[in-house]
Structure formats: structure tokens, C-alpha cells
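Read-outs throughout are calculated quantities, based only on the coordinates presented, and are distinct from any laboratory measurement. Predicted, not measured: the structure shown is a model, and the values here were computed from it. Here the Cβ positions follow ideal geometry from the backbone for every residue, glycine too, while neighbour counts run over all protein chains shown.
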Amino acid sequence: MKSQHKSHLFVISGPSGVGKNTIISAVMQRVEGLAYSISHTTRKPRNGEINGRDYHFVDEKIFKKMIENGDFVEWARVYSDYYGTSFSGIKKKLAEGKDVILDLDVQGGMNIRKHFKNSTLIFVLPPSIEELKKRLSKRETPDEIIEKRLSNIEFELKMAEKYDYIVLNDILEKAIRETEAIILSERCKTYKRVELLRSLI
């Protein structure tokens with residue numbers, strides 16, 4: 001019998017450099033039926049990033065026009081750049097019957113929860129602040145940017161208490177498996193499989 005589940009939203013948050021993108025990429029390769037929601041941003045592409053695959057890169061004028069039009073389910077200014085997630089992008093993926101995974105900061109996570117009450121929020125923790133600093137340094141991130149990001153960690157960690165799950169990324173493979181397990185367990189919740197259950201009665 002075909003497995004059934006209602007489409008679901010998963011938000012992955014955590015400090016910059018904690019490994020969110022790596023975890024998401026691995027989980028999407030292992031778990032069927034997952035779609036990644038591509039955010040809009042005004043920041044410049046990093047090396048290897050492609051418009052329409054990693055982000056929708058737009059200028060500030062276009063982004064602010066989208067805000068005025070109510071196009072974003074959530075948006076925030078992070079440091080000097082804007083990031084936003086469109087309603088249309090999420091709804092399109094959900095309508096296709098896929099679960100949607102989002103990479104958002106904690107402000108974005110809280111905004112998603114306001115609009116999608118049953119969304120699942122996952123916070124990724126670094127093993128230590130020192131280790132996080134080393135990871136940012138390996139990216140060749142300028143020192144002033146590193147300091148800005150580190151200064152925001154205390155706020156992010158406090159907000160993490162509002163999340164449904166916390167994944168510690170000390171060993172990457174373990175963090176990937178834990179995230180995968182969260183997604184699969186959410187799919188098996190009774191309220192999502194009630195139609196399947198009733199078909200057997």
C-alpha cells in the first residue's frame with residue numbers, strides 16, 4: 001500500500017559556519033520527497049553559488065518592492081543584507097506533495113512558525129564557539145565579519161530554546177543522521193497518516 005503523509009515544513013537554523021548547508025545537502029540526497037525552498041537575498045553570490053539554485057539574487061530595490069507587495073512569508077535584514085522566503089515558493093513545493101526544508105536564521109524561523117503552525121524547527125549547535133570560529137576562518141571570512149557573526153551567537157542560542165529539536169554538529173555524520181531521523185519521525189505522526197489508518201479499518 002502506498003505510504004501517505006501531509007506535506008510539511010522543516011526549518012534548519014544555527015550560527016553562520018555551523019554546517020547547515022552541508023547537513024541539508026546530505027539529508028536531501030538520503031530522504032525522498034524533500035524540496036529545498038530557495039530564498040531571495042540582496043547579498044552578492046559567493047564562489048560557486050548560482051542564481052536560482054542557491055539563492056535568488058536580487059538588488060535592494062527589487063527586494064523592498066517584494067516586501068511592499070507582501071510576497072514574503074518571512075524576511076529579515078541580517079548584518080547589511082536582506083534575506084526573504086516567498087509564499088509562492090513554499091506553496092508551490094507543498095502543492096506538489098513534497099516536504100519543504102528551509103535554511104533560515106532564528107528570526108526567520110519564528111516568522112515561519114507564525115504562518116505555518118505545524119512547521120518543525122531544528123537548531124544546529126556547534127561543538128564550541130572556538131570551533132565555530134575556526135570553521136569561519138577556513139572560509140576566509142574577513143575578521144570583522146567573523147566578529148559580527150560571533151557577537152550574534154548569544155541571541156541565537158537563547159532563541160534555540162524555542163525550537164523543537166537541537167542537533168549537535170560535532171561529528172558531521174551523526175548530525176546528518178539525527179536530522180534525517182527527525183524528518184522521518186515527523187512523517188510518521190498519527191495525524192499525518194490518519195487516512196492510511198482508516199483505510200485499514
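Annotations for the structure displayed:
- The chain pair-distance distribution - Cα-Cα, 5 Å bins, rounded %: 1, 7, 15, 18, 20, 17, 11, 6, 3, 1, 1, 0, 0
- Fraction of antiparallel bridges per DSSP, segment 6-145 only, in percent to nearest 5: 35
- Evaluating 6.51 cos²θ - 1.76 cosθ + 1.60 at θ = phi - 60° for every residue in segment 59-64, the Karplus couplings come out as 7, 5, 4, 5, 4, 5 Hz, glycine and proline recorded as x.
- Between segment 131-162 and segment 1-55, the alpha-carbon center distance in angstrom: 20
- Neighbour cut-off at most 11 other Cβ (10 Å), DSSP loop, GluC sites (Glu not before Pro), segment 65-107: GLU96
- With contacts taken as Cα pairs under 8 Å at a separation of at least 6 residues, the chain carries a relative contact order of 33 percent.
- Relative exposure of PHE87, PHE63, judged by other C-beta atoms within 10 Å (fewest first): PHE87, PHE63
- 3J(HN,Hα) from dihedral phi, segment 86-93, Karplus parametrisation 6.51/-1.76/1.60, rounded to Hz, x for glycine, proline: 7, 4, 4, x, 5, 5, 5, 5
- When you restrict to C-alpha pairs under 8 Å that are six or more residues apart and normalise by the size of segment 29-98, the relative contact order lands at 36 percent.
- Net charge, LEU150 excluded, C-beta distance under 13 Å - Lys, Arg +1, Asp, Glu -1: -2
- Given LYS158/LYS189; LYS20/LYS133; LYS98/LYS192; LYS64/LYS162, the pairs whose alpha carbons are separated by over 22 Å: LYS158/LYS189; LYS64/LYS162
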